[in-house]
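This report refers to the structure that appears directly beneath it.
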Amino acid sequence: MTSIQPSPAVSLPEFADVAAARARLEGVAHRTPVLSSRLVNERVGGTLFFKCENLQRAGAFKFRGAYNAIASLDPATRRRGVLAFSSGNHAQAIALAARILETPATILMPLDAPAVKLTATRDYGAEVVTFDRYSEDREALSARLASERGLTLIPPFDHPDVIAGQGTAAAELFEEVGALDLLLVCVGGGGLLAGSALSAAELSPGCRVIGVEPEAGDDGRQSFQKGEIVTIPVPRSIADGALTTHLGKLTFALIQRLVSDIVAVPDSALVETMRVFAERMKLVVEPTGCLAASAALSGAVDCRGKRVGIIVSGGNVDVASYARLLAG
Ligand SMILES: *Cc1c(COP(=O)(O)O)cnc(C)c1O
């Protein structure tokens, strides 16, 4: 097997790590439901299985990776605490996982992050440290906090235990519905896609795994096609969970090895999918959580005659913008 090691110190996670993560998450993460819709199946001409991580604890799959990463730290390191920088679902996932594991959590968030997100993260018991994203260097600040307080940084995607944790959602899906022809997964930094691909390779070897990105931020597709990590300016899209500028080193190595393709869909398709989820399936799904389903519904990926798994990644959207998007 070719070995694409990103750095000598960190090795790529394997399916065994996903299996270990499942054991850690047992009884802690929700085993989220797998739903289907006759109407959607008729529309795309295939059989779709929706793995509903919008119903996961803290509202997104991110809880899986966050909990797995913190639970994997040795006890002394864990007691000193963890640090994360995020204004979105990773922050809430780390805050909740840390509370469950009785670990102090410090979350670095931009001063101008939405108030609801600052509050939600504090409500989970984390200490929120704000910074001015226009004048302060986030990396330097987090490095200083980490060394002053002895905290361990848990990154949102490029970490073996985070990737392994994210892979548990797809593992549950395959266990429940059996082998699939296609698995569609959204892509930000690629943690969910890389982990899902590890599970597919082991549990449904013939399954093609396809990543889905917002059209305005298709760095993953560009990287996949070029064979090297491409960095783009911060994209503008309603898929706020996928506004990363580049894939991670670990995630890219796994994606190159295990993923069949990466496609992109426009924001208009995400809104249309949000509406289908709301009207037909009674599911509240955030725009980013609609990426994978949009690839099937818009025809960007041909699902005719196929058994298709769709990871619905999250449901955290404030009701005012949800209503605005659906009305627009
Ligand atoms: C973080 C996130 C993503 C992107 O996940 P990556 O592992 O960074 O690719 C997609 N959807 C939701 C809801 C998220 O919170």
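The values are calculated or read from the model by the stated rules, or taken from the named source; none is laboratory data. The structure presented is a predicted model; accordingly, all values stated were derived computationally and were not measured. When we count neighbours, we look across all protein chains shown, and the Cβ atoms used for this are built from the backbone with ideal geometry, even at glycine.
Restricting attention to region 241-252, the residues being surrounded by 20 or more Cβ atoms within 10 Å (Cβ to Cβ) and out of contact with any strand residue (DSSP E or B) (no Cβ under 8 Å at 6 or more places or on another chain) number 5. Candidates A169, A242, A269, A216: the one that is farther than 20 Å from G88 by Cα and of a type in the set (A, V, I, L, M, F, W, C) is A269.
Which one is farthest from A97 (Cα to Cα), of the residues in region 155-190 that are among the aliphatic types (A, V, I, L, M) and within 13 Å of the ligand (Cβ to nearest atom)? Looking at residues that are among the aliphatic types (A, V, I, L, M) and within 13 Å of the ligand (Cβ to nearest atom), I get L184. Remark: pairs (first residue in region 186-208, farther than 22 Å from G315 by Cα and part of a loop (DSSP other than H, G, I, E, B); second residue within 15 Å of the ligand (Cβ to nearest atom) and of a type in the set (A, V, I, L, M, F, W, C); Cβ separation under 8 Å; 6+ apart in sequence or on different chains) = S204/L183; C207/L183. Would you check which residues across region 304-328 are part of a helix (DSSP H, G or I) and surrounded by 14 or more Cβ atoms within 10 Å (Cβ to Cβ) and list them? Answer for region 304-328, where residues must be part of a helix (DSSP H, G or I) and surrounded by 14 or more Cβ atoms within 10 Å (Cβ to Cβ): S321, Y322, L325. If you go through region 73-84 one residue at a time, do you hit one that is in contact (Cβ under 8 Å) with a residue 24 or more places away in the chain, within 16 Å of the ligand (Cβ to nearest atom), more than 14 Å from the chain's Cα centre (by Cα) and closer than 19 Å to G190 by Cβ? Yes, that holds for at least one residue.
Residues in region 44-62 that are in a helix (DSSP H, G or I) and in contact with a strand residue (DSSP E or B) (Cβ under 7 Å, 6 or more places away or on another chain): 3 in all.
The conditions of being at pLDDT 95 or above, in contact with a Gly (Cβ under 6 Å, 6 or more places away or on another chain) and assigned to a helix (DSSP H, G or I) are not met by N41. Within region 144-165, being part of a helix (DSSP H, G or I), touching a helix residue (DSSP H, G or I) at 6+ places or on another chain (Cβ under 9 Å) and over 14 Å from I70 (Cβ atoms) holds for R149, I163.
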